[in-house]
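Reading through the structure tokens given below for one structure.
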Amino acid sequence: MTSVPPLQGRRVLVTRGVDKRDDMGFLLEAAGAVVLRVPLIEVRRLVVAADIAHAVDRLGAGAGAGSPRPWLILTSATGAGLAVEAVGAPSLARFGIAVIGPATAAALRSRGVDADLEATGQVAESLAAELVHRGVEGAAVLVVTAAGARDVIAPALIAAGAHVEVLEAYRSVTPEGAADRLREALSGPPLDAVTFTSGSTVRHFAEAVAAPPAGCLAACIGPVTAAVARAAGWTDVVTAAEHTTAGMVAALVTHLSAVQRLP
């Protein structure tokens, strides 16, 4: 007897960025879902590779004899890719590399770099706390992040005595025409879920649509994104236990399997 895929017939809107691999869409389709793809986030670079290379050089220059090991903090897979692209994997071996979640760690590994610290809590607060616990007084720290990102890590490390430089390397923007494509997708049969991989995807959705679709679930990659979704009016929110696309699909399978399908 052939088993029915767990998301058979469920309609799921995927909002991942235009420059991201479609892992989530493929995983959802493998689970039986009908996937609508409307990317709501696009990365716009704010610096060139030389700017990142100069910042990395400053980080290395800040590590004098007898001083603590310098740390490079990468808050996203995008930042990880930009850093390795700018200076090459071998140049990062002299630093401690800290990342927030498994997706960023995986992005580094795919480029030949292993993270020295992956925050167990998978959020910025836990990364900052773990670095402070290790001891960062007198250490040089470079944080490569997005413009407009939550300012959590740098203040905590500065308070602990670190010398911190924050480099806003990119900005997340709404792709051209995305709002129209989103409204068109929502004009069809009801959705069971919308996936959000960052607070920016939630905000861009809200900018295009007056209110969340009735009876629709927001599937969020982590608690920070989930908080943004609730603030935007989503009442049914599920958060992935592991902050990855696979974790989001697993959360959807668990939740939607227990919920009656929309008419």
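The values are calculated or read from the model by the stated rules, or taken from the named source; none is laboratory data. Not measured: the values here are computed from a predicted model. FYI the Cβ positions are ideal-geometry reconstructions off the backbone, even for glycines, and counts take in every protein chain you see. These accessible areas exclude ligands, DNA and RNA; they are computed on the full protein's heavy atoms, side chains included. Shrake-Rupley method; radii C 1.70, N 1.55, O 1.52, S 1.80 Å.
May I ask you to compute the full-extension gain from A147 to A89, defined as 0.36 nm times their residue separation minus their alpha-carbon distance, rounded to one decimal in nm?
Between A147 and A89, full extension yields an extra 18.5 nm.
Which one of A89, F205, T244 has its Cα pushed farthest toward the positive end of the charge dipole of the chain, where Lys and Arg give +1 and Asp and Glu give -1 at the Cβ?
F205
Considering only the chain, what is the antiparallel percent among its DSSP beta bridges, to the nearest 5?
10
Across region 196-208, in residue order, what do the Karplus-derived ³J(HN,Hα) couplings come to in whole Hz, using 6.51 cos²θ - 1.76 cosθ + 1.60 with θ = phi - 60° and x for Gly and Pro?
Calculated HN-Hα couplings, in order: 10, 9, 6, x, 5, 5, 5, 5, 5, 4, 5, 5, 8 Hz.
Name the residue farthest towards the positive end of the dipole of the chain from the options G148, T104, A185, assuming +1 on Cβ of Lys and Arg, -1 on Cβ of Asp and Glu, about the Cα centre.
Farthest along the dipole direction, towards plus: A185.
Mind checking region 109-154 for GluC sites (Glu not before Pro) that DSSP puts in a loop (not H, G, I, E or B) and that have at most 12 other Cβ atoms within 10 Å?
Those satisfying the criteria are E137.
How do S200, S91 stack up against each other in accessible area, from largest to smallest, with a 1.4 angstrom probe?
Order by accessible area, largest first: S91, S200.
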